[in-house]
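The values are calculated or read from the model by the stated rules, or taken from the named source; none is laboratory data. In this text, all values refer to a predicted model and were calculated from it rather than measured experimentally. Using ideal geometry, Cβ is built from the backbone for each residue, glycine included, and neighbour counts are taken over all protein chains shown.
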Amino acid sequence: MDALICPECGEEAVGSLQTTDGEDEGLAEFDGLDEDGELNYTGNSSLYFTDGCYDSDDVTDEQGRLLLECPNGHQFPWIKAEA
Ligand SMILES: [Zn+2]
């Protein structure tokens, strides 16, 4: 899906940025979009959880768009296709 392609290097995003309490950051991995156009998360995450807390929040830009990251570490907002 074009919406998941990094505008800087052309690689497909591998995860969405997550944070716990605004401190620890990591990636929630996905492998593309499902048939509903939603991110299909694999359940893997690179987040390092502290204090046994597994609650994490999506990281968004100032327009509320989910921030994605490509394999090269570029971050860009997910422009979700209209249903
Ligand atoms: Zn990139």
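Look at segment 1-26 and say how many of its residues are within 13 Å of the ligand (Cβ to nearest atom) and within 9 Å of the chain's Cα centre (by Cα).
Residues that pass the stated criteria total 3.
Consider ALA28 against the criteria (1) at pLDDT below 80; (2) in contact with a Gly (Cβ under 6 Å, 6 or more places away or on another chain); (3) among the small types (Gly, Ala, Ser): it satisfies all of them except one. Which criterion is unmet?
(1)
Give the residues of segment 33-52 that are surrounded by 11 or more Cβ atoms within 10 Å (Cβ to Cβ) and either touching a strand residue (DSSP E or B) at 6+ places or on another chain (Cβ under 7 Å) or modelled with pLDDT under 85 (or both), sorted by residue number.
Residues satisfying the conditions are LEU33, ASP34, LEU39, ASN40, TYR41, THR42, ASN44, SER45, SER46, LEU47, PHE49.
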